[in-house]
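In what follows, a structure is listed as C-alpha cells, so that the remarks can point back to it.
The values are calculated or read from the model by the stated rules, or taken from the named source; none is laboratory data. On a predicted model such as this, the values are computed, not experimentally measured, just so you know. Here Cβ is always computed from backbone atoms with ideal geometry, including for glycine, and neighbour counts include all displayed protein chains.
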There are 2 protein chains.
Amino acid sequence: MTIAPPDALPELHVDLPAVERRAALPGGFRAGAAAIGIKASGRPDLAIIATLPDEAGRPLPAAAAAVFTPNAFAAAPVRLSKAHLAATEPSGRGGYGWTDGVVSTSGSANAATGPAGDADQEAVADALARALGGPIERTLLLSTGVIGTRLPLDRVAPGIAALAPALAATDEALEAAAVALRTTDSVTKLATTTISLPDPDGLAVRSVRVSGICKGVGMIHPRMATMLSVILTDASVEPALLHAMLRRAAARTWNQLSVDGDTSTNDTVFVLASGAAGAAPVRRGSADARAMAGAIEAVARDLARQQAADGEGATTLITCQASGARDDADARAVARSVVSSSLVKAAVHGRDPNWGRIAGAVGNARLADTAVLLAAGMRALDAAARGGGAATVDPDRLRIAIAGHLVFDGATGGPLEFDRAAARAAMDGPELLIRLDLGLGDGTGEAFGCDLTEAYVIENSEYTT
Amino acid sequence: MTIAPPDALPELHVDLPAVERRAALPGGFRAGAAAIGIKASGRPDLAIIATLPDEAGRPLPAAAAAVFTPNAFAAAPVRLSKAHLAATEPSGRGGYGWTDGVVSTSGSANAATGPAGDADQEAVADALARALGGPIERTLLLSTGVIGTRLPLDRVAPGIAALAPALAATDEALEAAAVALRTTDSVTKLATTTISLPDPDGLAVRSVRVSGICKGVGMIHPRMATMLSVILTDASVEPALLHAMLRRAAARTWNQLSVDGDTSTNDTVFVLASGAAGAAPVRRGSADARAMAGAIEAVARDLARQQAADGEGATTLITCQASGARDDADARAVARSVVSSSLVKAAVHGRDPNWGRIAGAVGNARLADTAVLLAAGMRALDAAARGGGAATVDPDRLRIAIAGHLVFDGATGGPLEFDRAAARAAMDGPELLIRLDLGLGDGTGEAFGCDLTEAYVIENSEYTT
C-alpha cells in the first residue's frame, strides 16, 4: 500500500495579520450590556455600542458600513438600519453612512412581525437616540432570537435609558456586549488585531485596532451577508471605502461559511470607524487601504471560524481550501460546496475519509453556488447564459487531500491507495482541513463549516418557536 | 384563542391520472434480475430491461429519452449512455434516441473511476449488445452504489450473458428489476398508470400503460435531473417528443424533490416507448400528447413521493404546495426552498409547527433556487441581472398553513393565534402538508421532502466508502 506524502497539498498561506480571541475596545467607543428579561433564561440580552461624545457631551458619529441578509423576510431591525444609513448618506443606499451607536436585543428576532414589529423597532431606535442625544437616523439596530415574537417594549425602552449612562470605554464592556448577543452560542465570539497606519503627517505611525464580536451557530448559510456581528476600529475610514472593505471581507469569510444551509432573516454586520487613533484618513487605492482591508478580513475570518466551530451540535471545524482554480471566485464556490454538503458533513462526523462525497460536492459546485457566482457579477451571468458550460472543474485534474492524506488524483486515474487507519486518526480532532487542487489556474479560496451530528437534529427538533 | 379554520388553505388539486404502486410491464418489453456479487450482501444487483425482439429474433428498438445529472463528475454510465443516445439520433444530442435495452448494476457507482472506469462501462455495454444481438450504440447503462470503486467485470459480463436469455415479459420480472436497483432503499419503488389513446384509425381506443421503477433515498437533490429510474410505456411516441414529456415531468416532480441537498453523480431517468399497445403515434401538440405527458408525470410524481418518504432516516413525507405565486416556476422555487431547509426538516421531525422557519425558507427561495430559475430560462436571467429585484414573495401577502392549521397571515399582521396542541397532533403522521399562498398571482407548484432525523446522521456517518 502506497502511503501518500502528507504534504502533498499543504495548507494555503493566508496573508492576513494575526488575530487574538479577546475583546479590545478601539478608541472612540464605549459599550455595555444588561439583562432585561427578553430571554426567559435571565441571561444578558441588551447591548449598546456607542461612540464617545465630544467634550461638550454631544454625540460624535462614526463612519459605518453594513452588509445585511438577502432574505426577503428581512427583519424589522434590518430594514430600519438600512433606512437610517440611507438617511445619513443617501449615496450609500443603505450600505453605509454615519452612526452614534448600535443597540442589540437578543431573544426575539423581531422578524415576520408585520407593521407592529416595525413600530416596535422604531420605538427602540427612538429610545437609543434619546439616550445618546443624537438624531434617530444615526442609530443602528440588531436583533436575534425567535422569529415571529414581539419585542417586550415595556422592558426594552426603559432598559436602554438605564444602560446608556453606564456605558464604559473598557475591554470588559465590549466583551459584555458580545455576551449579550449570544442565543444558543456555547462560547462568546471575539477577535482583535492591530496594525500600524501613518499619522496625519506621514512621519510616524499610529497603532490602529480592529476588534469584532459576533454571534451565530444555526440558520447559518450567509449569502451576500452574514450573521450578527459588529466590528469596531479607531482608524479613520470614510463610509464608502469602509463599505468596500467590508463587502470584500464578507465575500471571502462569512459568505464562505455554512452551518445548516439556512440564511437567517436577521443577518447583519456593522463596521464602525471612529478615527480616534489619530492616524491619517485611509485613502482609497493606497497601501494603507489594503492593510486596513486585511485587518478587517482577518477579524471577520476568525469570527467566521469561531462560528463554524460552534455550529449547532458540531464537534469539528471543517476548513476546505481550494487552489488551482480558474479564478478565486471558482475556488470559493468549490470550497463552499464541499463544506455545505450534508453527506460530507456526516462523513466527517464519522471520521470517514470519504473522498467520493467530496468529489461529488466539487462536481455540484457550479450549480450549488450559482447564487454566489451571480453575486460576483456579469462574468458569472455570462457563464450561466452559456448554460454553465465553462468548465470550472475537471475530474481528470482534481486532487483531494484529507487531513494531509492525498486520496484522489485525477491525473493518475483517480482514487489512490492510502493508509485508511492513519487518515481516520488524522481526522480525529477539533479541526479538519480538506484540500483541493483543481489544476486549472491560479485561483485560491477557502470555506468553513462543521460536521453534521445527531446533536444538531436533536437541538433543532426540540427547539420551539 | 382563535382556532383557524382547518380548510383555510386546502390541498391543491393535482390533475393527473391515478397511479397504482405495483409493477405492470407494458407491452413490447421484457425484464429480469440476478445476484452476481457486486453487493457484498448477496442481494440482487444486476438488472436488464430490454425490448421484445421481432419474430426473426432481431432486436426491435424502442424510442428512448433521458435526463441526467448535471454533476460535473458524471459517472461513466451517464457519459456512455449520452454518447449512445447521440449516436442513434444525432439531433437529440444525447437526450433522446433509440435503444434495445438498459442494463443496471447496483453496489458500485462507477463514478470518479477515471479512464479505467470508462473502459469497464464500455465492456458492460458490449456484453449487453452481444446478449441482445444489436449494436452497442443501442444499449443504455445505469449504475449506483459506492463512488470510486471499480465494477467487477469478471462477474458483470458473464452475468449479463447468463441473464439475457432468461428475461421474461411479466410484471414479476419488472418488479425483480426494481428490486435489483435498490441500494439503501427500504422499499421497492413502483408506479403504474393506464390511459386510453386512439388506435391508428382513430375509431377506437387502445389502453396504454406507463410503468416506472426507481431507487434512491440519499444524495437526493435533483437539478435538471433525478435519481435512477426507468419508465416504460407501450405507447408510440417519437424520441424528441418523449424527451419533451420527460423534461416537463422531471421539472415538476423529481427536480422538486430533496432529501439531503446533495446531487448524485449517477442520476438518470430513462423513458422507453415500445409502441406495442398498437395505439396511433402520439402527435406533438395534440390532446393525446397532453394525456401522455400527464401519465408520465403521474408516474414520476408518485415515484418521487416514494423516494421522499423513504429518504434516509426519514419518518415523514413532507409535501409543500404553493399557490398564488406570480407563476408556476416561482411557486416551485418557494416550495422547494421549504422542503430543502434543514431547520424546517428538523422542526417537522419534532412535530413543531414552527412557521418562522417556513417563512425564513420562503424568504430565501429566490437565492436558494437560482439554479432552478436559471434552468427556467432567460426570464430568470433577466431577474438575476436586475439584482433579483423582482419580488417573488411579499411578507405582507403570504399565508402559511401547517397540517390544515392556518398559522400566519401577512395581510392581517403576520402570526396568528392557533391551537398549538391540535397542530402538533395533526402533524403526527407519516405525511405532512405545508400549504403556502403567496397572494401574488395564479402560479402553483409543489415539492417533496422528508424530515431530518438522528437516524440520517447515524446512517451517513457510519456508511463507509
ask   = Which of the residues belonging to segment A:320-343 are at the interface with chain B (Cβ under 8 Å from one of its Cβ atoms) and either farther than 19 Å from B:Ala112 by Cα or assigned to a helix (DSSP H, G or I) (or both)?
value = A:Ser340, A:Ser342, A:Leu343
request  = Name the single residue, out of those in segment A:420-462 being small (Gly, Ala, Ser) and part of a strand (DSSP E or B), that is nearest to B:Val457 (Cα to Cα).
outcome  = A:Gly449
key: Options B:Leu203, B:Leu142, B:Leu174: the member that is out of contact with any Gly (no Cβ under 6 Å at 6 or more places or on another chain) and without any contact (Cβ under 8 Å) to a residue 12 or more places away in the chain   = B:Leu203
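Which one is nearest to the chain's Cα centre (by Cα), of the residues in segment A:344-362 that are among the small types (Gly, Ala, Ser), in a helix (DSSP H, G or I) and closer than 13 Å to A:Asp451 by Cα?
By that ranking, first place goes to A:Ala346.
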task = Give me a count of the residues in segment B:262-280 that are buried (at least 24 other Cβ atoms within 10 Å of the Cβ) and not charged (D, E, K, R).
result = 11
inquiry  = Let me spell it out: the conditions are (1) surrounded by fewer than 18 Cβ atoms within 10 Å (Cβ to Cβ); (2) modelled with pLDDT of 90 or more; (3) part of a helix (DSSP H, G or I), and B:Arg248 meets all of them except one. Which number is the exception?
reply    = (2)
Hits in segment B:37-84 - residues which are in contact with a helix residue (DSSP H, G or I) (Cβ under 6 Å, 6 or more places away or on another chain), part of a helix (DSSP H, G or I) and either more than 14 Å from chain A (Cβ to nearest Cβ) or surrounded by fewer than 19 Cβ atoms within 10 Å (Cβ to Cβ) (or both) = B:Pro77, B:Leu80, B:His84
query = Does segment B:108-153 hold any residues that are closer than 21 Å to A:Phe408 by Cα and surrounded by fewer than 22 Cβ atoms within 10 Å (Cβ to Cβ), and which are they?
reply = B:Gly114, B:Pro115, B:Ala116, B:Asp118, B:Ala119, B:Gly145, B:Val146, B:Thr149, B:Arg150, B:Pro152
message = Taking the conditions exactly as written (under 25 Å from A:Val217 (Cα atoms), surrounded by fewer than 24 Cβ atoms within 10 Å (Cβ to Cβ) and at pLDDT 85 or above), does A:Ala403 satisfy them or not?
response = yes
request  = Select from segment B:26-36 the residues that are out of contact with any Lys or Arg (no Cβ under 8 Å at 6 or more places or on another chain) and part of a loop (DSSP other than H, G, I, E, B) and list them in ascending order.
outcome  = B:Gly28
task = Tell me which residues, restricted to segment A:195-206, are buried (at least 17 other Cβ atoms within 10 Å of the Cβ) and touching a helix residue (DSSP H, G or I) at 6+ places or on another chain (Cβ under 9 Å).
result = A:Ile195, A:Leu197
Members of segment A:391-413 that are more than 10 Å from chain B (Cβ to nearest Cβ) and outside any strand (DSSP E or B) = A:Arg397, A:Ala403, A:Gly404
key: Members of segment A:85-99 found to be within 14 Å of chain B (Cβ to nearest Cβ) and within 21 Å of A:Ile213 (Cα to Cα), listed by number   = A:Gly95
inquiry  = Among the residues in segment A:266-283, are any outside any helix (DSSP H, G or I), more than 27 Å from A:Leu432 (Cα to Cα), within 14 Å of another protein chain (Cβ to nearest Cβ) and not β-branched (Val, Ile, Thr)?
reply    = yes
ask   = Does segment A:107-122 hold any residues that are without any contact (Cβ under 8 Å) to a residue 40 or more places away in the chain and of a type in the set (Gly, Ala, Ser), and which are they?
value = A:Gly114, A:Ala116, A:Ala119
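Tell me, which residue of segment A:193-222 that is closer than 20 Å to A:Gln306 by Cβ and of a type in the set (Lys, Arg) is modelled with the lowest pLDDT?
Top of the filtered list is A:Lys215.
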inquiry  = Within segment B:85-107, take every residue that is under 29 Å from A:Thr412 (Cα atoms) and β-branched (Val, Ile, Thr) and give me the one that is surrounded by the fewest Cβ atoms within 10 Å (Cβ to Cβ).
reply    = B:Val103
